[in-house]
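Everything below concerns the one structure shown next.
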Amino acid sequence: MPQSRSYNEELEFIEKINANTYKIKKGFVPNMNVEGLFYVNDHLEKLMFDELRTFSNSGGIGGFLPGMKQIGNVASLPGIVKQSIGLPDIHSGYGFAIGNMAAFDMDDPLSVVSPGGVGFDINCGVRLLRTNLDVSDVEPVKEQLAQSLFDHIPVGVGSKGVIPMTAKDLEEALEMGMDWSLREGYIWAEDKEHCEEYGRMLQADPSKVSFKAKKRGLPQLGTLGAGNHYAEIQKVEEIYDKHAAKTMGIDRKGQVCVMIHCGSRGLGHQVATDALVIMEKAMARDKIDVNDRQLACARINSKEGQNYLKGMAAAANYAWVNRSSMTFLTRQAFGKVFNSTPDDLDMQMIYDVSHNIAKTEEHIVDGKLKTLLVHRKGSTRAFPPHHPLIPVDYQLTGQPVLIGGSMGTCSYILTGTQKGMIETFGSTCHGAGRALSRAKSRRNINYLEVLDRLKEMGIAIRVASPKLVMEEAPESYKNVTDVVNTCHDVGISKKAIKLKPIAVIKG
């Protein structure tokens, strides 16, 4: 996008509303239909404005678009309602920034769906299992337990799954989601009850997933992959909301949990790639103009828009089956080390959240109930108490929201709030959010130093790739506590539990 304004001229379009909230006024980028909004604290604010300053001083040449510009570009998409919203973990992404969510009016014939607002890793998300183990039970065997997890769960680029899967099984998994996992005996019935969408998007249509995508997905089911994905053994460090924690089966500090973070692997990536190519042609036909070609989109009700949503739903189902398969393998790994059954270890699923997805939901906009297509990219659904779409078990506390930290730092469980429902369409942050690009991390960080530091912290680690350690080092990310505290202080979600790693398994 051409950029001729100075940094000071850019600032004229940015208005501070309160200590944690900024508004981006129309005119910041061309064609904005609504204003932008983003949440920060003092430290995150500096990162955001430094990014914009660097971009402006370079004349907008080269590099990634800063988060503020991407929020503005999303605000220019047809059919968007209310605001384009940036969560505190926002950082540059493809089309939408990661941590940028937006909602589109389903009744507006001009409204669009954009794969860039979902991401390439469709239904990347986080799942949390609790146990009845205490940190004192795990510490003496944590290296053995880490190795057992590493042996059971295939990790790394190109890893292949150990869950038997035929082409017919894949078709059924794409359509059925966790119902397939339940039928095949890989999950417990109550797992499904504690999953967003109950682990199945009903509009999924496997016929809208290309042969190439299926070919990529077939060998990868039940694999962690690489990047920022992990399986992590954690201990409860702090309990902020005793009632919510008890409802989730967390009753003490030191209790051991397992967090699994992954998505739809190569299948989801291919679904997004295929759709972007098709949508560029649809945009030319329907005369849709966007500020950034990475925001390729199609009218929601067009053939291209509907096909993408059906294929995306199938990829989302694949991701739930993928996390379910790793849940099965995790339970096996724990059972083997502790010479017990997963049932006796009380390895119940607390919840499973998606943070790269688009969903049809009902929200109140300007006093009217509207049906919206809500794009959440690097953003987690956070519905409040009494919402009909959250499980019966969590009706009084609000939806559990799982926020994974960076390697070696803490993670959090939050709960959804009514204020979040009003301000952010029931959405909050998803994690720490990158502060350094992967390339810059590899240049600046020594992987042996990172491993030594984790060892000094008492964290057992198993990782397939030294390069990945550099990319995923804690200093590559924003401080997850800054991110979570900002969401808590704004009131769009509420802190319940803090978790600290004991062992980390990565690609």
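Quick notes on this structure:
- In the range 9-125, the DSSP beta bridges split such that about 75 percent are antiparallel, to the nearest 5.
- Considering only the range 403-507, percent of DSSP beta bridges that pair antiparallel, nearest 5: 60 percent
- The heavy atoms of Arg5 present about 60 square angstrom of accessible area, all protein chains included, probe 1.4 Å.
- Rounded tilt (10° steps) of 142-152 against the dominant C-alpha axis of the chain: 70 degrees
- Spin-label model, Glu280 to Thr409: label points 7 Å out along the Cα-to-beta-carbon direction sit 3.5 nm apart.
- Using alpha-carbon coordinates, inclination of helix 265-286 to the longest axis of the chain, degrees: 10 degrees
- Radius 13 Å from Cβ of Met101, net charge of other residues (Lys, Arg +1; Asp, Glu -1): +2
- Assuming charge only on the beta carbon of Lys and Arg (+1) and of Asp and Glu (-1), the dipole of the range 253-346 about its Cα centre is about 140 debye to the nearest 20.
- For Glu171, neighbours were defined as the other residues whose beta-carbon sits under 11 Å from its Cβ, and their charges (Lys and Arg +1, Asp and Glu -1) total -2.
- Contact order for the chain, expressed relative to its length and based on alpha carbon pairs under 8 Å spaced 6+ residues apart, stands at 21 percent.
- Reciprocal of mean inverse Cα separation for the chain (Kirkwood radius, Å): 22.7 Å
- The residues neighbouring Gly266, those whose beta-carbon lies less than 13 Å from its own, together hold a net charge of +4 under the Lys/Arg +1, Asp/Glu -1 convention.
- Considering only beta bridges that DSSP places wholly inside the chain, some 90 percent are antiparallel.
- Label point at Asp393 placed 7 Å out along Cα→Cβ; residues across the range 259-299 whose backbone nitrogen lies under 19 Å: 259-261
- Degrees, to the nearest 10: 303-338 long Cα axis against longest axis of the chain: 20 degrees
- Multiplying the residue separation of Glu12 and Leu202 by 0.36 nm and removing their Cα-Cα distance gives an extension gain of 63.8 nm.
- For the range 1-148, the solvent-accessible area of protein heavy atoms averages 36 Å² per residue (probe radius 1.4 Å; ligands and nucleic acids excluded).
- Listed residue (Met283, Ala204, Met259) projecting farthest to the positive dipole end of the chain, Cβ model: Met283
- Value at 222 nm in deg cm²/dmol, rounded to 500, when DSSP H runs of n ≥ 4 in the chain each add -39,500 (n - 2.57): -10500 deg cm²/dmol
- Extension gain for Val141 to Asn57 (0.36 nm times residue separation, less C-alpha to C-alpha distance): 24.9 nm.
- Dipole moment magnitude, nearest 20 debye, the range 164-261 about Cα centre, only Lys, Arg, Asp, Glu C-beta charged: 340 debye
- Positive dipole terminus of the chain, leading residue within Thr380, Tyr39, Gly72 (C-beta point charges): Gly72
- Gain in span if fully extended, Lys242 to Glu362, counting 0.36 nm per residue against the direct Cα distance: 40.1 nm
The values are calculated or read from the model by the stated rules, or taken from the named source; none is laboratory data. Everything numeric here is computed off the predicted structure, so don't read it as measured data. Cβ coordinates were reconstructed from backbone atoms using ideal geometry, including for glycine residues, and neighbour counts include every protein chain displayed. With ligands, DNA and RNA removed, areas are computed over all heavy atoms of the protein, side chains included. Shrake-Rupley method; radii C 1.70, N 1.55, O 1.52, S 1.80 Å.
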